[in-house]
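Worksheet: the structure to be examined is printed underneath.
The values are calculated or read from the model by the stated rules, or taken from the named source; none is laboratory data. Being a predicted model, the structure only gives us computed values, none of them experimental. All Cβ positions, even for glycine, are placed from backbone atoms using ideal geometry, and neighbour counts span all protein chains on display. Just the protein is used for accessible areas: all its heavy atoms, side chains included, with ligands, DNA and RNA removed. Shrake-Rupley method; radii C 1.70, N 1.55, O 1.52, S 1.80 Å.
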Amino acid sequence: MKTVIRLAGILILLWAAGLADDAQENQADHAVVSFSNPAKPGMVEVDISQGSITVRGYEGKDVIIDARWRERVLTREEKEDEEQAVAALAEAEEQVDQQELARKKAQAEKAKGMKKLEVESMGLSVEEEENVIQVSAEEGKRAVDLTIQVPYSASLRLSCSDDERGITVEGVSGEIEVESSDGPIVLINVSGPVVADSSDGEIKAVFGKVTPGKPMSFSAMDGDIDITLPADVKASLKMKTDEGQIFTDFDIRLTPSQQKKEEDERKEGGGYRVAFEKATLGLINGGGVEIQLTTSEGNIYVRKAM
Amino acid sequence: MRCEELKEKAADYLAGELDEESLTQFRGHLADCPQCREEMEGLSMIWTKLGVLPKEQPSPALRSRFYDMLESYKRGIQKEPESRGFGRTVSQWLAGLIPRKPAFQMGLALVLVAAGLGGGLLLGLRPRSAARSEVAGLKGEVDEMRRIVAISLLRQASPSERLMGVSWSARIDRPGEEIIAALFETLNGDPNVNVRLAAADALYLFHDHPRVKKGLIDSLARQTSPLVQLSVINLLVEIRERRAVEALETLMRDKRLNPKVKKRAELGLVQLS
């Protein structure tokens, strides 16, 4: 099984390298995809490893995808990998052919009854099934900058694992689940429940309004979390930061944390007091929708919209 | 058949009580007149919906309340004959609201019947739950309700709903095995970091439960997100779980471990020993 995966990996590597040679600089792809049931709010899922994602709500029913491929030079490590791959491939060519055939068969079986929407070149794949549109980029050597226009009411599930440009969403009212490993997450004029996680970047979210009764959560390892809420929002905040601080211009009523336990014991020998950062619970306008804000190193900003 | 006649017979048609001849005429008119057809479609839809409404037996309390109400209403009428003038105005005003066409009258009546059934259903439920509030086992019942809601929410595709599931779980006073297991399943397997973080916090609230401490220790090895690792370490240190020492040492041997998590784990070891 391991060999299958490795050999498949080699194939992709070679294929991507070939593409890199042929491809024009900043080649662009364009696709328009419609939901199978446009009357119901659809979901758009995007998962790319390198690149950036920008999603904008617009007055239309289709999802419009524009992809711009970045030029990228192979690093020395990658070149070595490639040379090794060529050597390995020469050895195992016959075996690969058979296994590749089996893999393709298995894939065809998996996609039975679904339509595959092929987007030209470069390995961007777009599929629609039961009102869910999935966009993914083949793992290759080039990063892609995606700009996607979606109907206002669409829900989003966005994931970008390795890029400093991050994810931007503007003017979408559906639920948003977003995950970014390196880059920042910027959400502007959103209203649906948001669940966002960024490992290294910061998170910024500006809410036009807040859907009542739908819990939200933001988490960041290193970056700040900066959210702007409508002045009349009713919210119950649970804020946690290990090393950062919390700022707000709301009149927040702090309530004692459920988890608070006094730490008075002194350690033997060490002589210091054990102190833990615990959740700070705060109510805005009497409390309401639950919003959890967690960051290890960053600060938390809770702003009142102008 | 004219449109007026059709409307008069609409009720009989829906109830299946038209004779052969009228039925043919009725259908003939429907075929010719798009307006009546549209109206009948609307009506038969309401009719079908009424058919699927569950039959609700009014509770004895509702029955006695109804008779009480009727009784006091009768008394009120006898006591205050002068209010009749007002009553008449009201009935005239009400009459103005009711459409004159028989078919519409029937439609309105059907809607009112549906509303009445719904209302009765609600009224029937209320005294039952009110009585429950006096029973000592209330806590258990509320917990049971929260358990059902929490478990079903934890299985939703939407991360916001799973967060809600965690928050319902946290409100349970005495969680059973099922809730504890579901929270651990979420902590160890939920695809979303935020939901896992919330599950860790909820489990902390139940750290007196025998399975929780052990579960948190085991979970440390399964977490990949640095933020969740930090959160679990914080909780273990906070509940002074000495058995966690070994798990922390194992974690620190992982070469890919985030340096901040490593630092926290080192500090945790000092705090626990």
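Things worth noting here:
- Cα gyration tensor shape for segment A:122-205, rounded if a/c is under 1.5, else prolate or oblate: oblate
- Remark: accessible surface ordering of B:GLU144, A:GLU297 (largest first) is B:GLU144, A:GLU297, probe radius 1.4 Å.
- Inter-label distance, nm, simple model (7 Å from Cα along the C-beta direction), A:ASP162/B:MET69: 6.9
- With R₀ set to 35 Å, the beta-carbon distance separating A:ALA87 from A:LYS112 gives a calculated FRET efficiency near 0.40.
- Listed cross-link partners A:LYS40/A:LYS61; A:LYS238/B:LYS263; A:LYS61/A:LYS214; A:LYS204/A:LYS234; A:LYS61/A:LYS234; A:LYS209/A:LYS238 are compared with a 22 Å cut-off, the Cα-Cα value being larger for A:LYS238/B:LYS263; A:LYS61/A:LYS214; A:LYS61/A:LYS234.
- Ordered from largest to smallest accessible area (heavy atoms of protein chains, 1.4 Å probe), the residues B:TYR204, A:TYR58, B:TYR73 come out as B:TYR73, A:TYR58, B:TYR204.
- Length gained when the stretch A:ARG103-A:ASN37 is fully extended (0.36 nm per residue, less Cα-Cα span): 20.6 nm
- FRET efficiency for A:VAL132 and B:ARG222, using Cβ-Cβ distance with R0 set to 22 Å, rounded to 0.05: 0.15
- Additional length obtainable on full extension of the chain from B:ARG240 to B:MET145, 0.36 nm per residue less Cα span: 30.9 nm
- Shape category assigned to segment A:160-255 from the gyration tensor of Cα positions, a/c cut at 1.5: oblate
- Label-to-label distance, nm, for residues given as B:CYS3 and B:ALA181 (7 Å Cα→Cβ offset): 6.5
- Measuring r between the beta carbons of B:ALA157 and A:HIS30 and using R0 = 25 Å, the FRET efficiency lands at 0.25.
- Most to least accessible of B:TRP168, A:TRP69 (protein chains only, probe 1.4 Å): B:TRP168, A:TRP69
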